[in-house]
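A.B. asks: One structure, as C-alpha cells, below. Some questions next.
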Amino acid sequence: MAVTLEVVDVGKDFLIPIIDRVSFTVEAGEFVCLLGPNGCGKTTLLRIIGGLEPPTRGRVVLGGHRVGVVFQEDRLLPWLTVRKNVELVLKPVGLGPTERRETAARYLGMAGLAGFEDYYPGRVSGGMRQRAAIARALAVEPDVLLMDEPFGALDAQNRRIMQREVRRIWRETGRTIVFVTHSIEEAVEIGTTLIMLSARPARIRELIRNDGRVERAKLVDDLNTIIMEEVERQQGGRLA
Amino acid sequence: MLPSPRSVLIGLVEVVRSGEVWTHTAASLFRIVFGFGAAVVVSVLMGLGAFLSRAVRTVVQDALAVLNSTSVFVWIVISLIWFGLSNWAPIFTTFMITLPVVASNLVEGVAGVDRRLLEMGDVYRLSGGEKFTAIVIPSTVPYLIAGMKVGFGLALKVSVVAEIFGVTTGIGYIMNYSREILATQMVFAWALVMILVMMATDKLVFDAAARRLTRWR
C-alpha cells in the first residue's frame with residue numbers, strides 16, 4: 001500500500017522540549033490512534049502534521065496536500081447554516097456552486113445530518129455539531145483526516161455512538177485518519193494502528209497493530225499499564 | 001419654573017402643524033448624518049487597521065482613550081475657533097465625540113474575533129478575502145451596531161449643544177431661542193421631539209438591523 005503520511009524525526013520545543021523525536025509512516029487507508037499521558041504532546045504532534053505549527057526538528061511528508069481537521073471544538077461558523085459551513089470550505093477546492101451544494105449534501109447525509117442542513121449550529125446538539133465538523137472535514141476529500149479528541153466534549157453515550165459512526169465513515173470512504181485521544185478504550189475500539197507516546201518529551205513508546213490478534217481486553221490492560229508507567233516516570237522525574 | 005403638560009403638548013402640536021418641527025429636526029439630522037457618518041467611516045478604517053496590524057491596534061486604542069476623555073466643550077470651542085460660526089461646528093463636534101465610542105467598540109470586536117475560527121479558515125485554505133467576509137465581518141458587525149447605537153444617541157445630544165452657537169436652524173438652536181424669549185413650554189416640547197427622534201431611530205434602525213444580522217442566534 002502507498003505511504004500517505006511520513007513523520008520523520010519530528011521534534012518540538014516550547015522553551016522546554018515537548019516532543020523529543022518521533023518517526024512513523026502511515027499507509028493509505030490506515031486508522032491511526034495517537035495515545036499518551038496527558039500533556040505529552042499528542043495535540044502538538046497532530047498540529048505539526050496538519051501544518052498548523054512548524055516542527056523545531058524533522059519534517060512531515062504528506063502524500064497529497066489536502067488535510068481535513070476535526071478539532072476538540074466544532075469550530076463551525078455560528079452565523080452560517082450547517083450546509084453553508086460545509087460549502088464554504090469547498091470554495092478553495094475549486095468546486096462550482098452546484099457541485100458545492102451536492103458535495104455538502106452528500107457528506108452531511110453520510111454524517112447523519114440529512115434533514116438538518118438548513119439549521120444554524122446553535123440550534124442543534126453538540127453531537128450534531130461535531131457530526132457537521134466531520135462532514136466538513138470529509139467534504140474536501142482530504143488525503144489525511146486529522147481528529148483531535150473530537151468527542152472530548154460529548155457525554156459517554158454520544159461518544160460511543162460517534163465512535164461507531166466514525167468507524168463506519170472510515171470504512172465507507174477509505175480515508176486515512178490520524179486520531180488523537182486520551183482514552184485507551186476508544187483507541188482500541190476504533191484504531192487499526194495504535195501509537196503510544198511516552199511522557200514528555202514525547203517519543204514513541206509502543207506501536208501496535210490492532211488487527212484482532214491480541215484480544216481487546218488484554219490490549220486495553222497492557223496499554224493502561226504502559227500509560228501508568230509513563231505517568232509515574234514523569235512524576236518521578238519531576239520530584240528528582 | 002415648570003410649564004404645564006398641557007402647554008407643552010399644545011406647543012408640540014403647534015410646531016408639528018406649522019411644519020417647523022421638520023425644518024429643525026431635518027437640520028439637526030443633516031449635521032448628524034455628516035458628523036456621525038464620517039465617524040463611522042473612520043471607525044471602520046481604524047477597525048481594519050487594528051485587524052491587519054497589532055501595532056496599529058495599540059496606537060488606535062491609545063488615541064481613542066485620549067479622545068474618549070476629552071470634553072464636548074473642548075471640541076465646541078476648538079471648532080468655533082477653526083470654523084467660525086457655521087454648520088461645521090456641530091458637524092465637527094459630533095464627529096470628534098462619536099468617533100471614540102464607535103471605534104473603540106469596533107476595535108474591541110476586531111480583537112475578539114475567535115482565533116480558532118481563523119485557524120479553521122487556514123486549515124481549509126480560505127483566502128484572506130474569504131476569511132474576512134466569512135469570519136471577521138460577521139463577528140464584528142454586532143459590535144459595530146452596538147457602537148453605532150450608543151454613538152447616534154450621543155451624536156444627537158452633542159450636536160444639539162453645538163447648535164447653540166452660530167447656526168440658525170436645528171433643535172439646539174430653537175431650544176436656545178425659546179429659552180431667550182422665555183417660552184419654556186417650547187423648550188420642553190423640543191426636548192420631547194428629540195426623545196421621539198432618538199427612540200424612533202433606536203427601534204426602527206439599530207434594533208431592526210441588529211435583529212436582521214443576528215438571526216442565527
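The values are calculated or read from the model by the stated rules, or taken from the named source; none is laboratory data. Keep in mind it's a predicted model, so treat the numbers as computed, not measured. In this analysis, Cβ positions are derived from the backbone assuming ideal geometry, glycine residues included, and neighbour counts consider all displayed protein chains.
A.B. asks: Pick out the one residue from B:Ala26, B:Ala55 that is free of Cβ contacts under 8 Å to residues at least 24 places away in the same chain, loosely packed, with under 15 Cβ neighbours inside 10 Å and either under 18 Å from the mean Cα position of the chain (by Cα) or within 13 Å of B:Thr98 (Cα to Cα) (or both).
C.D. replies: B:Ala26
A.B. asks: Got at least one residue in segment A:119-135 being within 16 Å of the chain's Cα centre (by Cα) and not in a helix (DSSP H, G or I)?
C.D. replies: no
A.B. asks: Limited to segment A:2-19, what total is found for residues that are surrounded by 15 or more Cβ atoms within 10 Å (Cβ to Cβ) and either over 15 Å from A:Arg57 (Cα atoms) or not assigned by TED's automatic domain parsing to the domain that holds A:Ile177 (or both)?
C.D. replies: Summing the residues that are surrounded by 15 or more Cβ atoms within 10 Å (Cβ to Cβ) and either over 15 Å from A:Arg57 (Cα atoms) or not assigned by TED's automatic domain parsing to the domain that holds A:Ile177 (or both) in segment A:2-19 gives 2.
A.B. asks: Check A:Ala139 against each of (1) of a type in the set (Gly, Ala, Ser); (2) farther than 23 Å from A:Phe24 by Cα; (3) within 20 Å of the chain's Cα centre (by Cα); (4) surrounded by fewer than 16 Cβ atoms within 10 Å (Cβ to Cβ) and name the one condition it does not meet.
C.D. replies: A:Ala139 satisfies every listed condition except (4).
A.B. asks: Could I ask something else about it? For segment B:171-217, which positions are of a type in the set (D, E, K, R) and within 14 Å of chain A (Cβ to nearest Cβ)?
C.D. replies: Of the residues in segment B:171-217, the ones of a type in the set (D, E, K, R) are B:179-180, B:202-203, B:207, B:211-212, B:215, B:217.
Residues satisfying the conditions are B:Arg211, B:Arg212, B:Arg215, B:Arg217.
A.B. asks: Next up: Filter segment A:72-115 down to residues that are assigned to a loop (DSSP other than H, G, I, E, B), more than 14 Å from chain B (Cβ to nearest Cβ) and over 24 Å from A:Asp148 (Cβ atoms) and give me whichever is nearest to the chain's Cα centre (by Cα). Spell out the reasoning first.
C.D. replies: Pass one, segment A:72-115, residues assigned to a loop (DSSP other than H, G, I, E, B): A:72-81, A:91-96, A:111-115.
Subsequent filtering for residues that are more than 14 Å from chain B (Cβ to nearest Cβ) retains A:96, A:111-115.
Narrowing further to those that are over 24 Å from A:Asp148 (Cβ atoms): A:96, A:114-115.
Details: A:Gly96: 29, A:Ala114: 24, A:Gly115: 26 Å.
Ranking the qualifying residues of segment A:72-115, first place goes to A:Ala114.
A.B. asks: Related question: Please list, ordered by first then second residue, the pairs with beta carbon atoms under 6 Å, 6 or more apart or interchain, first in segment B:103-126 and facing chain A (nearest Cβ under 7 Å), second surrounded by fewer than 23 Cβ atoms within 10 Å (Cβ to Cβ) and part of a helix (DSSP H, G or I).
C.D. replies: Partner pairs satisfying both residue conditions: B:Leu117/B:Ile135.
A.B. asks: Please go through segment A:50-71 and give me each residue that is more than 12 Å from every other protein chain (Cβ to nearest Cβ) and either farther than 17 Å from A:Asp143 by Cβ or in a helix (DSSP H, G or I) (or both), ordered by number.
C.D. replies: At the first step, the residues of segment A:50-71 found to be more than 12 Å from every other protein chain (Cβ to nearest Cβ) are A:54-64.
Result: A:Pro54, A:Pro55, A:Thr56, A:Arg57, A:Gly58.
A.B. asks: I've got another one for you. Does A:Val22 satisfy being assigned by TED's automatic domain parsing to the domain that holds A:Glu229, assigned to a strand (DSSP E or B), over 25 Å from A:Ser183 (Cβ atoms) and among the β-branched types (Val, Ile, Thr)? Explain how you work it out, then say what you get.
C.D. replies: On the way: assigned by TED's automatic domain parsing to the domain that holds A:Glu229: yes; assigned to a strand (DSSP E or B): yes; over 25 Å from A:Ser183 (Cβ atoms): no; among the β-branched types (Val, Ile, Thr): yes.
It is false that A:Val22 is assigned by TED's automatic domain parsing to the domain that holds A:Glu229, assigned to a strand (DSSP E or B), over 25 Å from A:Ser183 (Cβ atoms) and among the β-branched types (Val, Ile, Thr).
A.B. asks: If you take the residues of segment A:180-214 that are part of a strand (DSSP E or B) and touching a Phe, Trp or Tyr at 6+ places or on another chain (Cβ under 9 Å), which of them is surrounded by the fewest Cβ atoms within 10 Å (Cβ to Cβ)? Steps first, please.
C.D. replies: Of all residues in segment A:180-214, those part of a strand (DSSP E or B) come to A:180, A:193-197, A:202-209.
Narrowing further to those that are touching a Phe, Trp or Tyr at 6+ places or on another chain (Cβ under 9 Å): A:193, A:195, A:204, A:207.
On the way: A:Thr193: 19, A:Ile195: 24, A:Ile204: 17, A:Leu207: 11.
Of everything passing the filter in segment A:180-214, A:Leu207 is surrounded by the fewest Cβ atoms within 10 Å (Cβ to Cβ).
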